[in-house]
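**Q** Next up is a structure, given as structure tokens.
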Amino acid sequence: MTSASTNDIEFRSVTKRYGAVTAVSDINLSVPKGAFVALLGPSGCGKTTCLRMIGGFEQPSEGEVLIAGNVANGVPAYRRPVNMVFQQYALFPHFDVEKNVAYGLKQLRPRLPAEEISRRVGEALEMVRLSGFARRRIHEMSGGQQQRVALARALVNKPSVLLLDEPLAALDKKLRTAMQIELQTLQRDLGITFVLVTHDQEEALSMSDLVCVMSAGRIRQLATPQEVYDRPADLFVADFVGKTNRFDGTLEAGGTIRLGNGTALPAPRGDLQPGAVTVALRPEAIRLARGAEGATTLEGTVTHRIFLGSAAEYSIAIDGLGDLLVTAERHNQSENDLVAPGERVAISFDPGTAHIFPA
Ligand code: ATP
């Protein structure tokens, strides 16, 4: 069955069970052609299972997976226009780079002419900037180079979708950042759809066009990185993506939120029912002042400060809100302006930057 679609990948009410475990629960998902989407979530939330269902290594228990508009249920992995880069690369350590990259092409039947294999391997190595390394053996290469061989091998048969399962997990932080830029550039240049699995929110936000935040087998939010960060769909997303301060409060009938210590905040959303709510606030949305000046919302005492170079993080015990801590980013302060532990501070924020969720 074919349907006119600009989506490269579509999940229609997909559920996947392993015995009594429901790994993926009634998921609907559309990934536009040529997009870079990150499946982001904590361990066990079902990211890899989704990736493996796209790749054809697992079949859904219910629902349909479509690739380029065609239902792919039952289609084996090698018949899908999809390739996968595994976390551990799964390279043959004693083969040289060329043999590793050519491996999949050599399995194709009818056989490809040797010159074509050689030309395509050359192109794939050029894409990942490894021309000149064809004769190098895998065990003689660095982690970053091995990662690029794995990429070349996955790209050599020109898939329309590339699946990446935590592809940078084995690399140190500096190399990981460099590879993030390389992967993003490669994806833009090739224009093919990338689906990346990661539990690293920074990686998801920095590389992808769309972030699909998952928890417990379900999608919590599918949106651009900025939307996910600025307008988290729920408290889980607000907590998982970036740092968040949380206050418990009550939304009163008149549209005021009353915090536990009696402080009143105007409610920025008009669509909530009165009752218990949670107010979520990004650390960098908070302004910090010595004493109690300006538009004070809450007051407290600094209990801890972490100097981060371009930023400083403060823990603040807010009066009347128990042991609640507030963390604020540093805003262009000179060293003398840094507030010290023990000092009294007033914090204020634009109510529009607060996210209110039903408790
Ligand atoms: P991680 O980041 O740890 O890889 P994940 O989000 O990719 O986690 P999945 O690997 O998709 O999560 O697993 C989702 C759930 O399904 C987990 O509870 C896991 O234990 C279970 N699961 C995955 N594969 C199998 C399997 N082959 N047999 C039984 N249970 C499985």
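Please treat every number below as a calculation from the coordinates, not as lab data. Everything quoted here is computed from the prediction, not taken from an experiment. Here Cβ is always computed from backbone atoms with ideal geometry, including for glycine, and neighbour counts include all displayed protein chains.
**Q** So what is the relative contact order for the chain, in percent, with contacts set as C-alpha pairs under 8 Å and at least six apart?
**A** Reported as a whole number, the value is 15 percent.
**Q** Let me ask you something else. HN-Hα J couplings of the range 103-117 from phi, Karplus 6.51/-1.76/1.60, θ = phi - 60°, integer Hz, Gly and Pro as x?
**A** Using θ = phi - 60°, the values come out as 3, x, 5, 6, 7, 5, 10, x, 4, 8, x, 4, 5, 5, 4 Hz.
**Q** Within 10 Å, count the other beta carbons around each residue, average over each peptide in 345-352, 171-178, and list them highest first.
**A** Working: 345-352: 16.5, 171-178: 13.4.
The packing order, highest mean first, is 345-352, 171-178.
**Q** Then there's this: Which order do peptides 112-119, 34-41 fall in by mean Cβ count within 10 Å, highest first?
**A** 34-41, 112-119
**Q** Next question, about the same structure. Quick check on the range 150-222: what are the equivalent-ellipsoid semi-axes from the Cα gyration tensor, as sqrt(5λ), descending, whole Å?
**A** Taking √(5λ) for each eigenvalue gives 20, 16, 11 Å, largest first.
**Q** How big is the range 84-148 along each principal axis, measuring the range of its Cα positions in Å and listing the largest first?
**A** Largest first, the range 84-148 extends 34, 22, 20 Å along its Cα principal axes.
**Q** Let me ask you something else. Mean residue ellipticity at 222 nm from the helices of the chain, using -39,500 (n - 2.57) per DSSP H segment of n ≥ 4 over the full residue count, to the nearest 500 deg cm²/dmol?
**A** After summing the helix terms and dividing by residue count, I get -7000 deg cm²/dmol.
**Q** Mind checking the dipole of the chain: about its Cα centre, +1 per Lys or Arg Cβ, -1 per Asp or Glu Cβ, Debye to the nearest 20?
**A** Working: 38 positive and 40 negative charges, 328 e Å.
It works out to roughly 1580 debye.
**Q** What is the distance in Å between the Cα centroid of the range 37-54 and that of the range 168-196?
**A** One Cα centre to the other: 17 Å.
**Q** From the phi of every residue in the range 18-29, what ³J(HN,Hα) in whole Hz does the Karplus formula 6.51 cos²θ - 1.76 cosθ + 1.60 yield, where θ is phi - 60° and glycine or proline is x?
**A** 10, x, 7, 8, 9, 7, 9, 10, 6, 8, 10, 8
**Q** Arg17 to Asp172: FRET efficiency via 1/(1 + (r/R0)^6), r the Cβ-Cβ distance, R0 35 Å, to the nearest 0.05?
**A** For Arg17 and Asp172, the calculated efficiency is 0.40.
**Q** Then there's this: Please list, in chain and number order, the residues 5+ apart from Gln221 or on another chain whose amide H is under 5 Å from its amide H, with Hs placed from the backbone.
**A** Val213
**Q** Going down the table (Lys174/Lys243; Lys47/Lys106; Lys99/Lys158; Lys47/Lys173; Lys106/Lys173; Lys173/Lys243), which pairs top 29 Å between alpha carbons?
**A** Listed pairs above 29 Å: Lys47/Lys106; Lys106/Lys173.
**Q** Something else about it: Can you tell which of His94, Gly74, Leu162 lies farthest toward the positive end of the dipole of the range 52-166, using +1 and -1 charges on the Cβ of basic and acidic side chains (Lys, Arg; Asp, Glu)?
**A** Farthest towards the positive end: His94.
**Q** What are the principal axis extents of the Cα atoms in the chain, in Å, biggest first?
**A** Sorted from largest, the Cα extents of the chain read 77, 48, 35 Å.
**Q** Tell me, what HN-Hα J-couplings in whole Hz come from the Karplus equation 6.51 cos²θ - 1.76 cosθ + 1.60 at θ = phi - 60° for each residue of the range 190-201, using x for Gly and Pro?
**A** 7, x, 9, 6, 10, 10, 10, 9, 8, 9, 9, 5
**Q** Here is a follow-up. So what is the relative contact order for the range 136-232, in percent, with contacts set as C-alpha pairs under 8 Å and at least six apart?
**A** Averaging sequence separation for qualifying contacts and normalising by length gives 21 percent for the range 136-232.
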